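**Q** Submitted below is the structure of interest, expressed as structure tokens.
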Amino acid sequence: MSIAHTTETGWSGGKAAVSALRKVATSFAVILTTLLGLLVITFVVGRMVPADPVIAVIGDQADQATYERVYKQMGLDQPLYVQFATYIGNVAHLDFGQSHVTKNPVASDLARVFPATLELATLATLIGASLGVPLGIISAVRKGTWVDHLARIVGLLGHSTPIFWLGTIVILVFYAKFGLIPGGGRLDVYNEGLVEGPTNSIIVDAILAGEWEVLRDALLHLAAPAIILGYAAMAYLSRMSRSFMLEQLRQEYVLTAKAKGLGQRAIVWRHAFRNIRVQLLTIVALAYCGLLDGTVLIETVFAWPGLGQYLTSALFFADMNAVLGSVLLIGIISIAINLLSDITYRFLDPRTR
């Protein structure tokens, strides 16, 4: 091997390393900028709402001296830039303040309620993706047939039916009328408190503790709301999957593969499906983010003690520390999911590397 070739190879490797470092630095800068923007938005919203945080703490019957003392203790007499710097420092230490309703730190409340929403959204996404993606692909392949029409009707109903109405009907029919599903909440009363673990996820903690009866009860309570949310996600994912697959089936490489005698199954799953994987990953990630921050109605209907119900209660009582902490958590989770999607793209599509 010549010296020139060795030098050229080393220079190419160095350029690749610099390019990779530049991409990492760019991604890191984008994440920091997004987080900073999220912090600015939550801070401004917290200061612009008409609710008085001091009144929320001391009540409207307190005297003026108490009001002024608490006003200073909360740092509201400081300039806005000082308040914002304090806010960033507190968030960096995972200190979102104290909830005026529960009297607990907001961080501990979020650690308690978020796993319930995570369980619900994760199972709903798995149901929606495992049913919606194949349904959309089959609908595209069988375009114009009764299978396509049926799949489109199912998707249209799932996309247009209000989930709170569907949840109410499910409770009235399958719980009140036939008693086939349990009532609201995450567990029956006699199983409450039997499992306490570090994750605050009933399913995970029950498995770790070997409490199989508690696990069975938790899955039964989780099934109905997860299926309803999964049906809504399935409707969205099936429509998008059908659109993506139809676009690929019109491409020239599909006509070439057919002309060469390649079977339909191989064309669809070996070639066309590989070209829509990145798009499918995007819409599944978007659906997951939507379920994480959009389960308010279904959690209210099924009395599911998750983040949605906690946020609704905080808004009702003007508990701004809890509201801003919840919004910030949802934003951080959304950023993390998008970042994970970007990383996964590089494994699924070599063109993005």
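The values are calculated or read from the model by the stated rules, or taken from the named source; none is laboratory data. The structure presented is a predicted model; accordingly, all values stated were derived computationally and were not measured. Please note: Cβ atoms are built from the backbone with ideal geometry, for glycine as well, and neighbour counts cover all protein chains shown.
**Q** Would you confirm whether or not region 131-148 contains a residue that is closer than 30 Å to residue 220 by Cβ, surrounded by 18 or more Cβ atoms within 10 Å (Cβ to Cβ), modelled with pLDDT of 85 or more and touching a Lys or Arg at 6+ places or on another chain (Cβ under 6 Å)?
**A** Among the residues of region 131-148, at least one is closer than 30 Å to residue 220 by Cβ, surrounded by 18 or more Cβ atoms within 10 Å (Cβ to Cβ), modelled with pLDDT of 85 or more and touching a Lys or Arg at 6+ places or on another chain (Cβ under 6 Å), which makes the answer yes.
**Q** List every residue pair whose Cβ atoms lie under 6 Å apart, where the two residues are 6 or more positions apart in sequence or sit on different chains, the first residue falls within region 286-309 and is free of Cβ contacts under 8 Å to residues at least 60 places away in the same chain, and the second residue, located anywhere, is crowded, with 24+ Cβ neighbours inside 10 Å and not charged (D, E, K, R).
**A** Matching pairs, first to second residue: 296/308.
**Q** Hey, another quick one. Sort out which residues of region 65-123 are more than 26 Å from the chain's Cα centre (by Cα) and on the phi > 0 side of the Ramachandran plot, and write them in order of number.
**A** Result: 75, 103.
**Q** Can you list the helices (runs of 4 or more DSSP H) found entirely within region 290-353 that contain at least 2 residues being surrounded by fewer than 24 Cβ atoms within 10 Å (Cβ to Cβ) and of a type in the set (Val, Ile, Thr)?
**A** 296-301, 320-348
**Q** Looking only at region 100-123, count how many residues are small (Gly, Ala, Ser) and within 30 Å of residue 60 (Cα to Cα). Give the steps one after another, and end with the answer.
**A** Narrowing region 100-123 to residues small (Gly, Ala, Ser): 107-108, 111, 116, 121.
From the residues that got through so far, the ones that are within 30 Å of residue 60 (Cα to Cα) too are 107-108.
Counting residues in region 100-123 that are small (Gly, Ala, Ser) and within 30 Å of residue 60 (Cα to Cα) gives 2.
**Q** Could you please tell me which pairs satisfy a Cβ distance under 8 Å, a separation of 6+ or placement on different chains, a first residue in region 136-148 that is assigned by TED's automatic domain parsing to the domain that holds residue 234, and a second residue that is acidic (Asp, Glu)?
**A** Hits for this filter: 139/148; 140/148; 142/148.
**Q** In this structure, does residue 287 turn out to be in a loop (DSSP other than H, G, I, E, B) and either of a type outside the set (Ser, Thr, Tyr) or closer than 22 Å to residue 218 by Cβ (or both)?
**A** no
**Q** Any idea which of 210, 230, 193, 183 is surrounded by 13 or more Cβ atoms within 10 Å (Cβ to Cβ) and at pLDDT below 90?
**A** 183
**Q** If you don't mind, another one. List pairs: first in region 163-181 and aromatic (Phe, Trp, Tyr), second not in a loop (DSSP other than H, G, I, E, B), Cβ under 6 Å, 6+ apart or cross-chain?
**A** Partner pairs satisfying both residue conditions: 164/297; 164/301.
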